[in-house]
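Okay, structure first, notes after.
The values are calculated or read from the model by the stated rules, or taken from the named source; none is laboratory data. This is a predicted model, so every value here is computed, not measured. Note that we place each Cβ from the backbone using ideal geometry, even for glycine, and neighbour counts take in every protein chain shown. Keep in mind that these areas ignore ligands, DNA and RNA; they rest on the heavy atoms of the full protein, side chains included. Shrake-Rupley method; radii C 1.70, N 1.55, O 1.52, S 1.80 Å.
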Amino acid sequence: MSKMVSFGIDLGTTNSLIAKFDKGQVEVFKNPNGFKETLPSVVFFRNDRILIGDQARTYVEKDPKNVASRFKRKMGTTETIKIQSVGSKTPIELSAFILKELKNFVHSGEAVEAVVITIPTSFDTVQSNATKEAGVAAGFKQVVLLQEPIAASLAYANREKNVDLRNSQWMVYDLGGGTFDVALVKIVEGELTVVDHEGDNYLGGCDFDEQIIEKVLVPEILRRGRFTDLLGQMKSEKGKYNKLWYRLLHAAEGAKIELSTKTSAEIDLEMVSLVDEDGVAIDSLLNITRSEFEDVITAAIDSTADMMKKILTRNSLRPEDLKFVLMVGGGTYIPYVRKRIEELMGIPVNTSIDPSNAIAIGAAYFAGTKEFKAGGDTVKVPSNSRQLKIRQVYNRNSQESEETFSAKVEGDISSLFYRIYSEDGAFDSGLKALSNRIMEDLPLREGAFNLFQFRILDVQNNPIDVGLDSIQIAQGRYSVAGQMLPEDLCLVTDDIANKDTRLNKIFTKNCVLPAKTKRTVEVAKTIVKGSDEELRIMVVEGPAEKHSSTNKPIGSLLITGKQISRDLIKGTEIDLTFDISESRDLTISAYLNGTGQEFSQVFNGTARHVDSRQLASEVLQLEASVQSEVDEAAANGNHEAAEKLERLLGKVRGLISESGTLSADDVTDDRFKLEDKKRRVAEEVFELTSSKRLDGARATYAESRQDVASLVQENGNDREKHQLRELLAREQTFIHSTNPERVEAATSELARIKWQILMRMPDFLVGMFEHLVKHRASMNDQMQAKQLFENGKRHISSESWDDLNQVNGRLWDLLPEDEREAEDMRLYTGIV
Ligand code: ADP
Ligand code: MG
């Protein structure tokens, strides 16, 4: 009774669509209201009325304070969208309205219980989970997420059956209303896989509309009349010209679309009757040419090409290794986009699929291969009320000329038969006795959708209704290997030596989901039962080579002293299990070996919250830290680094002035864009300064290597000589590594060898003993300390060095912990 998910939804920033896979075909449903496939992702509220889509859109200008649009960009943030008449709505609630409205498109009236919903590849875990939540809020029993570039590729690969895509790779270029995504896609053994991707959550057609206003329309209006801070007054919710902003957005979009087919477009502001601050009416007719528009978007388009080049470099690919660049998303209707990308990349641009509905079509193909899991499998056989459970197994997509079908049958099968035959009559298994396991090789017609009936029959050859679906196999079509993770997921632990934190990769970017992994960490500091001290099992998303401050927090599992049943002693192991589902729900379980307790939490994510003021102070902080790095580099005569840092400082100052123009009630996405930019600059700073740490680590290593080498030479035994030789033999592998931690690890190995030798050397042991004597006043057990000091003195005079070593060790244990760790950092996560 395996039923398929069947429905695919493109939940877009600007437009949403719904499609269904049925017997090999995909139908994109139309809005019964106006017969368009696309539903604008816009919701309008007024008292008891809610309008969705095109109708809501007409209120964007008339009554903007009661309209919500472009909320996909706020998915995964704590941000709510203010609606004057009904208060605030979350992006999840608003998305649920869109999803529910799409159900109305399904003219057959059948219930939509399970769906595939697409998301941009650049969506992080928090954003993905928010999308799933919206699906659940809309009443779907099962929601499967699919990344948009995979959907687009499925639409193409399933359509162009005569194009041989085997062993080829291409890029999907998706320029939508609010997000840009580019993905490197490959077919491996009939399965589509995304190999790599780049993207920007804040680049799309809406930005072009805003740029038209800021770079073309506003300057023109300022030439025609006197205004102070026109742009600021337009963008701020309480601003005098806030309404004009919405009017212009609509007009700019219209002009942009017109410019895809014409060389100039007109915008008439007549209905706004704009007057300047002196009360002078402004001439309402504005004009924009195609080349003016192209100038406005060049930088953005070039930045998309840069992302594509990054993918090529990272994967050691040349442009000719790619078959084409598949264009999707409304933004790719713009002729300049197609031309510029082809020019800059030297890869042919493929515009053969409909940029507006391709994603929904691909989502439906995927839905056709996904099993609906919410239903039960057991069905009563009416004739003799027997319980039969049947589980079918076969590939729904095949590149072969034959597929094996098998089924497992549980229950009373006595005197029952089965028969499998193709709809076109070309294959018939004949009547066979039903057994607990049946198997048939089904011949497939090439490039077609193959349909077979699977019947269970009783002794009289009457079919028994066990609710079996027909067997559906698409030959020559492609399926998806699996969803992949868009960024590394890392565990944050303390890096005591550097008074910092470090990232430990738990899942690698592009790994196929679902995935599961285990890690063992140690408690870095004793946690007393009942205390407020805590352990933070913290997971961040972003490159593992970077720093926790440059990556996005996903969630943390906190374990406090109040929750534990016994003290957790320093050094106790904690077994962590990380489980990530196909839809990227992350579950963290922690087993505390010390107390035998288990803690577990599912992360639907801590949503991102960006506050204008906090952002401004973070940017200022960044400036201060870059400035001090500049000074340090200059003082050390490191001109190259100083110059690079200076350039970053320039970028940071740009961010400062941008953050200065943000009002606390800014209605645009500017602060999210700014937050993204800030993180990127922080990353660059990290890259530059991590090379400083690397240089430092190499210098320290070189120094102690010399030290230890002579120590081993003079005093080392055979084992220590061997250990050193072994380390030096590996030197090339870590000394050229770009990861300072590997170099630091080698330095610690040297230190261990050194320590072993020192422990046998009388001078060192006596020196250590004397050092401990100085700290005798603070030792925990004065009686025992006194005894040990006396013993120590005796061992020195009798030259019993081994005994002295033991005394030193026990005295060390008597030192209070804070004294021992005086040098240590304040522990941040509490685990190492
Ligand atoms: P999303 O995936 O974000 O919902 P779409 O792929 O539907 O977005 O693209 C919507 C964007 O495409 C809008 O910004 C719209 O203005 C733009 N767009 C649609 N048609 C055209 C066109 N013919 N020329 C230029 N831009 C267009
Ligand atoms: Mg889209």
_Which of rounded, prolate or oblate describes the chain when judged by the alpha-carbon gyration tensor and an a/c cut-off of 1.5?_
oblate
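Listed here are the pairs LYS103/LYS673; LYS186/LYS673; LYS82/LYS132; which of them are more than 27 Å apart at the Cα?
Result: LYS103/LYS673; LYS186/LYS673 exceed 27 Å.
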*Looking at segment 761-820, what % of the alpha carbon pairs are farther apart than 13 Å?*
55
_For segment 53-97: rounded, prolate or oblate by the Cα gyration tensor [a/c cutoff 1.5]_ = prolate
_Candidates per GluC sites (Glu not before Pro) in segment 74-136, loop by DSSP, up to 12 other Cβ within 10 Å_ = GLU110
_Quick check: pseudo-label points 7 Å beyond the Cα along Cα→Cβ at HIS736 and ARG647, how many nm apart are they?_
2.6
*asked:* Loop-only chymotrypsin sites (Phe, Trp or Tyr not before Pro) in segment 1-39, please: DSSP not H, G, I, E or B, and at most 10 other Cβ atoms within 10 Å.
replied: PHE35
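For segment 413-571, what does the relative contact order come out to in percent, with C-alpha contacts under 8 Å and a separation of six or more?
Once divided by the residue count of segment 413-571, the mean separation gives 17 percent.
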*Inter-site label distance for SER657 and LEU513 at 7 Å from Cα along Cβ, in nm*: 4.0
*State the percentage of accessible surface on the chain attributable to carbon and sulfur atoms; use a 1.4 Å probe and exclude ligands, DNA and RNA.*
48
*For segment 170-219, which chymotrypsin sites (Phe, Trp or Tyr not before Pro) are in a loop by DSSP, counting at most 11 other Cβ atoms within 10 Å?*
none
*Kindly identify segment 191-339 as rounded, prolate or oblate by the Cα gyration tensor criterion: order the square roots of the eigenvalues as a ≥ b ≥ c, call it rounded if a/c is under 1.5, otherwise compare a/b with b/c, prolate if a/b is larger, else oblate.*
prolate
_With every protein chain kept in place and ligands, DNA and RNA left out, what is the accessible area per residue of segment 389-480? Probe 1.4 Å, answer in Å²._
49
*Under a straight-distance cross-link criterion of Cα-Cα below 23 Å, which lysines are reachable from LYS525, leaving out those fewer than 8 residues away in the same chain?*
LYS499, LYS505, LYS562, LYS570
_List the residues, sorted by chain then number, that are 5 or more residues from LEU145 or on another chain and whose placed amide H is less than 5 Å from its amide H._
ILE117
*Which cross-chain or sequence-distant (5 or more) residues have an amide H under 5 Å from the amide H of SER264, H modelled 1.01 Å from N in plane?*
ARG290
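Summing -39500 (n - 2.57) over the DSSP H runs of n ≥ 4 in the chain and dividing by its residue number, what mean residue ellipticity at 222 nm do you reach, to the nearest 500 deg cm²/dmol?
Result for the chain, helices only: -11500 deg cm²/dmol.
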*Rolling a 1.4 angstrom probe over the protein heavy atoms, how many square angstrom per residue are accessible across segment 667-824?*
59
_Zone of SER264's modelled label, taken as backbone nitrogen in segment 293-307 under 18 Å from a point 7 Å along Cα→Cβ_ = 293-296
*Residue pairs, from the table LYS65/LYS235; LYS546/LYS721; LYS3/LYS518; LYS23/LYS509, whose Cα atoms sit over 25 Å apart*: LYS546/LYS721; LYS3/LYS518; LYS23/LYS509
*At 7 Å along the Cα-to-beta-carbon direction for both ALA111 and ARG760, put a label point, then send me their distance in nm to one decimal.*
7.9
_Quick check: the distance between the Cα centres of segment 72-115 and segment 565-580, to the nearest angstrom?_
40
*asked:* At 37 °C and a viscosity of 0.692 mPa s, what translational diffusion coefficient does Stokes-Einstein give for segment 487-603, taking Rh as the Kirkwood radius over Cα pairs? Give it in µm²/s as a whole number.
replied: 224
*Sequence neighbours fewer than 8 away in the same chain don't count; with that in mind, list the aspartates and glutamates whose C-alpha is under 15 Å from LYS215.*
ASP207, ASP229, GLU253, GLU292, GLU294, ASP295
_Residues of segment 81-113 with backbone nitrogen within less than 15 Å of a virtual label 7 Å along the Cα-to-Cβ line of GLN25, please, listed as ranges._
107-108
*By how many nm would the segment from ARG318 to ARG224 grow when fully extended, if each residue of separation counts as 0.36 nm and the alpha-carbon distance is taken off?*
28.8 nm
*Tally Lys and Arg at +1 and Asp and Glu at -1 over the other residues with C-beta under 15 Å from the C-beta of GLY225: what net charge comes out?*
-2
*Expressed as a whole number of Å, what is the distance separating the alpha-carbon centroids of segment 307-334 and segment 720-782?*
51
*Mean-position separation - Cα centroids, segment 401-471 and segment 167-206, in angstrom*: 40
